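Trainee: The following block contains the structure, expressed as structure tokens.
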Amino acid sequence: VNVSDTGLSAEEICRIMLEEAGVAAIPGAAFGPSGKDFVRFSFASSTATLHEAVERILKGSSAWHGALASR
């Protein structure tokens, strides 16, 4: 997922998602320099688990807005 328009780094978004939503993601830079503005997810799970992850991300997204507001 391209996060360049969020105003946060991929690392910051991954940290917020883990702390606020309980969802792990990987900064794209772990896969090379061209991935620096991306966040990567694994979809190797059941449909029910993926639905739960999406719900958590949506609920936790308010933390991203808070992180931007505090800048």
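Trainee: Which condition does Ala25 not pass, out of (1) under 9 Å from the mean Cα position of the chain (by Cα); (2) in contact (Cβ under 8 Å) with a residue 40 or more places away in the chain, if it passes all the others?
Mentor: The failed condition is (2).
Trainee: If I ask for residues that are closer than 26 Å to Ser70 by Cα, in a helix (DSSP H, G or I) and of a type in the set (A, V, I, L, M), which ones from the range 1-36 would you list?
Mentor: Result: Ala10, Ile13, Ile16, Met17, Leu18, Ala21, Ala29.
Trainee: So Glu20 ticks every box in (1) among the acidic types (Asp, Glu); (2) without any contact (Cβ under 8 Å) to a residue 24 or more places away in the chain; (3) touching a Gly at 6+ places or on another chain (Cβ under 6 Å) but one. Which box is left unticked?
Mentor: The number of the failed condition is (2).
Trainee: Are any residues in the range 26-62 within 22 Å of Ser4 (Cα to Cα), modelled with pLDDT of 95 or more and among the hydrophobic types (A, V, I, L, M, F, W, C), and if so, which ones?
Mentor: Listed by number, the residues that qualify are Ile26, Ala29, Ala30, Phe31, Phe38, Val39.
Trainee: May I pose another question? Among the numbered conditions (1) in contact (Cβ under 8 Å) with a residue 24 or more places away in the chain; (2) within 8 Å of the chain's Cα centre (by Cα); (3) within 14 Å of Ala63 (Cβ to Cβ), tell me where Val39 comes up short.
Mentor: Unmet for Val39, out of (1) in contact (Cβ under 8 Å) with a residue 24 or more places away in the chain; (2) within 8 Å of the chain's Cα centre (by Cα); (3) within 14 Å of Ala63 (Cβ to Cβ): (3).
Trainee: Oh, and also: Go through the range 1-28 residue by residue and tally those that are surrounded by 16 or more Cβ atoms within 10 Å (Cβ to Cβ) and small (Gly, Ala, Ser).
Mentor: 5
Trainee: Looking at the range 37-55, which of its residues are in contact with a Gly (Cβ under 6 Å, 6 or more places away or on another chain) and either assigned to a helix (DSSP H, G or I) or of a type in the set (D, E, K, R) (or both)?
Mentor: Arg40
Trainee: Need pairs with beta-carbon distance below 8 Å; first residue of a type in the set (Lys, Arg) and within the range 51-64, second part of a helix (DSSP H, G or I); sequence gap 6+ or separate chains.
Mentor: If the second residue must be part of a helix (DSSP H, G or I), the pairs left are Arg56/Ala21; Lys59/Ala21.
The values are calculated or read from the model by the stated rules, or taken from the named source; none is laboratory data. Treat the numbers as computed from the prediction; the structure is a model and nothing was measured. Positions of Cβ are generated from backbone atoms using ideal geometry, with glycine treated the same way; all protein chains shown enter the neighbour counts.
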